[in-house]
Amino acid sequence: MTEVVLRDEELIKLFELSKLEVGSVDIQKMKTQLSDVLSFVSVLNDVDTSGVEDTAEVTGLSNVFSKDEGKRMMGLEDALSGAVSKDKGYFVVKGVFVEDDNA
Amino acid sequence: MPKTIADYHRMLLSGETTVKAVVLECMEKIEKDNARLNIFLTVNDKAIEEAEKMDQLFAADKSILERKPLFGVPVGHKDIFSTKGMRTTAASKVLEEYVPSFNATVVEKLNDAGVIIMGKLNCDAWAHGSSGENSDFGPTLNPVDETRVPGGSSSGSAAAVAAGMVMVSTATDTGGSIRLPANFTGTVGLKPTYGRVSRYGVIAMASSLDSIGHVTRNIEDNAKVFEVTSAPDIYDANTADSRPFKFEQGDVAGLKIGIPSEYVKTLKDEDVLAAFNKSVERLKNMGVEIVEVSLPYTDKAAASYYILQPAEVSSNLARFDGVRFGKGRTAFGPEAVRRMLIGAYTLSSGYYDAYYKKALKVRTLIKQDFDQVFQGVDLLVCPVSPTPPFKLGEKISDPVSMYLSDILTIPMNLAGIPSLALPYGQTTEGLPLGFQIVGPRYSEELIYKVASAFEKHE
């Protein structure tokens, strides 16, 4: 087992990639816990996998298509039913292009 | 409560009971014990009303029992199964107020078979866990010993059956999440062949590993439910090869059952070992030929799983953006955050080959181990857990020690094969013990045959 030690900057980057806020998370504790898990899984480094194919799925199925005909669909009201913010049949989202005084 | 679904239907026909009486009994148990055991997150306050309607339907046409094999059966759904009009939280604050506008396929099938939904069952949030302690709404207690965990992630599912609050619970098993809680509560839990039961409408944890199963008190009820859920579904393309299941009982003498040495030689707990050896003796007395076999890559399975599963989790939880449903991503609990971060790491460029691709190759080796072993034996039996049910709080501060609870169940998920956990024996303190019967893909007919013969053997 190789010991993996995450750096602070790596941890912060992982939060960004996951679209998660650090918020009140204890960074040092999270770093230790993640490093423990990554060290635990690094035992795979010792496994000889030369010539071994990937298994991404176990059913052996490929190209499962359905007929191009109407299936049951979710109506507009149902689709919007869970939304925090909706308006005239649309989900309301935070602005992407917003005025930036620093621009 | 009737001992089996068959008994229940017999008692309905003879007039010894009614659906309302059975549902009332369940509701009374829930009212008395749920606040303490924390099994249900949402209770169906219309259950008794629905039971009365069912009694009317039955009075008008008794043959309804032939068309609806689970008529009147009180059921609980793990709270990751979408239930139309009934809150579905995944035991997470993110979905604390989420009410689905559709039913999961399995929910729909059980409804068509005549069940009464008693409510939604607590679990580890997002099915992340082996004890139930990762629920954002507090852990579920083990009804057999309330200082101990019921196992997870389907903690509420197993506990509800053990506590007599339902006859059947739905559940999911991605790394052992049905088999471990079944084992810890003395109930019967099925992890079916991956792709045999539709995942549609079940909040996804790891899409290449999630297996949709259920927990019951006994083998024949478990088989009866599987007869309803096992089928192809156009809303889950992975079920294209699925097929119906038919419960068959019969003589199992002459079958060859393997014991994987790697599963037994690392066991340190004497109670677990003793009970397992007794179960092997019982199989021998049934005329089964027991053979020692080897699955050499067993000790690499947990590592492969804890790379692949968090990677798939990080992808599946990306949809919770707080826009179309649910609260924002700040509402995720610590274990979900940990798994998303690990997933991000192992999928990121620079680490992808060393971790994720490597784990995909090790997955092949683990699957090949099983394929090879099943050339020589019909089924395998092995323990489910290295230990009897552990105490609340015992493993929660060390994620890795919690992950190690799954080492005997993870390999079957990686290989996509079925396994049935059944109870057998107890520790000296009266804690439940048991084992699992494992088979190749689509071998559930044989697994249930052996399980039934084992349960009935004198």
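Does the stretch B:70-91 contain at least one residue that is in a loop (DSSP other than H, G, I, E, B) and more than 25 Å from the chain's Cα centre (by Cα)?
No, the conditions are met nowhere in the stretch B:70-91.
Limited to the stretch A:20-39, what total is found for residues that are surrounded by 15 or more Cβ atoms within 10 Å (Cβ to Cβ) and either facing another protein chain (nearest Cβ under 9 Å) or within 13 Å of the chain's Cα centre (by Cα) (or both)?
9
Please go through the stretch B:304-350 and pick out each residue that is surrounded by fewer than 20 Cβ atoms within 10 Å (Cβ to Cβ) and at positive phi.
Of everything in the stretch B:304-350, those that are surrounded by fewer than 20 Cβ atoms within 10 Å (Cβ to Cβ) and at positive phi turn out to be B:GLY322, B:GLY350.
Answer yes or no: is there a residue in the stretch B:425-436 that is more than 17 Å from B:GLY213 (Cβ to Cβ) and among the small types (Gly, Ala, Ser).
The answer is yes, given that some residue of the stretch B:425-436 is more than 17 Å from B:GLY213 (Cβ to Cβ) and among the small types (Gly, Ala, Ser).
Can you tell me which of (1) surrounded by fewer than 18 Cβ atoms within 10 Å (Cβ to Cβ); (2) touching a Gly at 6+ places or on another chain (Cβ under 8 Å); (3) of a type outside the set (Val, Ile, Thr) is the one B:LYS29 doesn't meet?
Just one mismatch for B:LYS29, condition (1).
Inspect all residues belonging to the stretch B:45-64 and state whether any of them is charged (D, E, K, R), touching a strand residue (DSSP E or B) at 6+ places or on another chain (Cβ under 7 Å), surrounded by fewer than 23 Cβ atoms within 10 Å (Cβ to Cβ) and modelled with pLDDT of 95 or more.
Checked the stretch B:45-64: at least one residue is charged (D, E, K, R), touching a strand residue (DSSP E or B) at 6+ places or on another chain (Cβ under 7 Å), surrounded by fewer than 23 Cβ atoms within 10 Å (Cβ to Cβ) and modelled with pLDDT of 95 or more.
Suppose we keep only residues that are touching a strand residue (DSSP E or B) at 6+ places or on another chain (Cβ under 9 Å) and without any contact (Cβ under 8 Å) to a residue 60 or more places away in the chain within the stretch B:282-296. Which one would you say is farthest from the other protein chains (Cβ to nearest Cβ)?
B:LYS284
For the subset of the stretch B:379-426 comprising residues that are hydrophobic (A, V, I, L, M, F, W, C), away from chain A (no Cβ under 14 Å) and not in a strand (DSSP E or B), which member is nearest to B:THR298 (Cα to Cα)?
Among them, the one singled out is B:LEU408.
Taking into account only those residues within the stretch B:341-360 that are more than 7 Å from chain A (Cβ to nearest Cβ) and in a loop (DSSP other than H, G, I, E, B), which is nearest to the chain's Cα centre (by Cα)?
Per the criteria, the residue is B:TYR352.
Please work out which one of (1) surrounded by fewer than 21 Cβ atoms within 10 Å (Cβ to Cβ); (2) of a type in the set (Ser, Thr, Tyr); (3) closer than 12 Å to B:ASN38 by Cβ is the condition B:SER101 fails and give its number.
(3)
Which numbered condition trips up B:ASN277, out of (1) free of Cβ contacts under 8 Å to residues at least 12 places away in the same chain; (2) within 14 Å of another protein chain (Cβ to nearest Cβ)?
Unmet for B:ASN277, out of (1) free of Cβ contacts under 8 Å to residues at least 12 places away in the same chain; (2) within 14 Å of another protein chain (Cβ to nearest Cβ): (2).
Please enumerate the residues belonging to the stretch B:321-338 that are part of a loop (DSSP other than H, G, I, E, B) and under 12 Å from B:TRP126 (Cβ atoms).
Correct list: B:GLY326, B:PHE332, B:GLY333.
Kindly list the number of the only condition in (1) in contact with a helix residue (DSSP H, G or I) (Cβ under 9 Å, 6 or more places away or on another chain); (2) on the phi > 0 side of the Ramachandran plot that fails for B:GLY85.
Condition not satisfied by B:GLY85: (1).
Out of curiosity, is B:ALA318 out of contact with any helix residue (DSSP H, G or I) (no Cβ under 6 Å at 6 or more places or on another chain), closer than 26 Å to B:VAL400 by Cα and either facing another protein chain (nearest Cβ under 9 Å) or in a helix (DSSP H, G or I) (or both)? Outline the logic, then answer.
Values: out of contact with any helix residue (DSSP H, G or I) (no Cβ under 6 Å at 6 or more places or on another chain): yes; closer than 26 Å to B:VAL400 by Cα: yes; either facing another protein chain (nearest Cβ under 9 Å) or in a helix (DSSP H, G or I) (or both): yes.
For B:ALA318, the condition - out of contact with any helix residue (DSSP H, G or I) (no Cβ under 6 Å at 6 or more places or on another chain), closer than 26 Å to B:VAL400 by Cα and either facing another protein chain (nearest Cβ under 9 Å) or in a helix (DSSP H, G or I) (or both) - is met.
Go over the candidates B:SER169, B:SER157, B:SER131 one by one and state the one that is closer than 22 Å to B:ALA331 by Cβ, touching a residue at least 60 places away in the same chain (Cβ under 8 Å) and crowded, with 24+ Cβ neighbours inside 10 Å.
Checking each option against the conditions leaves just B:SER131.
From the list B:ARG363, B:ARG338, exactly one residue is in contact (Cβ under 8 Å) with a residue 60 or more places away in the chain, touching a Leu at 6+ places or on another chain (Cβ under 7 Å), of a type outside the set (A, V, I, L, M) and within 7 Å of chain A (Cβ to nearest Cβ). Which is it?
Exactly one residue qualifies, and that residue is B:ARG338.
Test B:LEU57 against the stated conditions and say whether it is part of a helix (DSSP H, G or I), over 30 Å from B:ARG148 (Cβ atoms) and of a type in the set (A, V, I, L, M).
yes
B:ALA301 - would you say it is touching a Gly at 6+ places or on another chain (Cβ under 8 Å), at pLDDT 95 or above and crowded, with 18+ Cβ neighbours inside 10 Å?
no
Name every residue in the stretch A:40-84 that is more than 30 Å from B:PRO296 (Cβ to Cβ), at the interface with chain B (Cβ under 8 Å from one of its Cβ atoms) and surrounded by 12 or more Cβ atoms within 10 Å (Cβ to Cβ), in order of residue number.
Scanning the stretch A:40-84 gives A:VAL64, A:ASP78, A:ALA79, A:SER81, A:GLY82, A:ALA83, A:VAL84.
Identify all residues within the stretch B:226-280 that are among the charged types (D, E, K, R), surrounded by 16 or more Cβ atoms within 10 Å (Cβ to Cβ) and in contact with a strand residue (DSSP E or B) (Cβ under 8 Å, 6 or more places away or on another chain); write none if there are none.
B:ASP271 - this is the single residue of the stretch B:226-280 that is among the charged types (D, E, K, R), surrounded by 16 or more Cβ atoms within 10 Å (Cβ to Cβ) and in contact with a strand residue (DSSP E or B) (Cβ under 8 Å, 6 or more places away or on another chain).
Return yes when B:VAL107 is in contact with a strand residue (DSSP E or B) (Cβ under 9 Å, 6 or more places away or on another chain), closer than 30 Å to A:VAL84 by Cα and without any contact (Cβ under 8 Å) to a residue 40 or more places away in the chain and no when it is not. Steps first, answer last, please.
Values: in contact with a strand residue (DSSP E or B) (Cβ under 9 Å, 6 or more places away or on another chain): yes; closer than 30 Å to A:VAL84 by Cα: yes; without any contact (Cβ under 8 Å) to a residue 40 or more places away in the chain: no.
So B:VAL107 does not fit the description; no.
For the condition part of a loop (DSSP other than H, G, I, E, B) and either within 11 Å of another protein chain (Cβ to nearest Cβ) or aliphatic (A, V, I, L, M) (or both), what is the one hit in B:ASP241, B:ASP299?
Of B:ASP241, B:ASP299, the one residue that is part of a loop (DSSP other than H, G, I, E, B) and either within 11 Å of another protein chain (Cβ to nearest Cβ) or aliphatic (A, V, I, L, M) (or both) is B:ASP241.
Being under 16 Å from B:LEU295 (Cβ atoms), surrounded by fewer than 20 Cβ atoms within 10 Å (Cβ to Cβ), within 11 Å of chain A (Cβ to nearest Cβ) and polar (S, T, N, Q) narrows it down to one residue among B:GLN368, B:GLN375; which is it?
Unique residue meeting the criteria: B:GLN368.
The values are calculated or read from the model by the stated rules, or taken from the named source; none is laboratory data. Just so you know, these numbers come straight off a predicted model, no measurement behind them. When we count neighbours, we look across all protein chains shown, and the Cβ atoms used for this are built from the backbone with ideal geometry, even at glycine.
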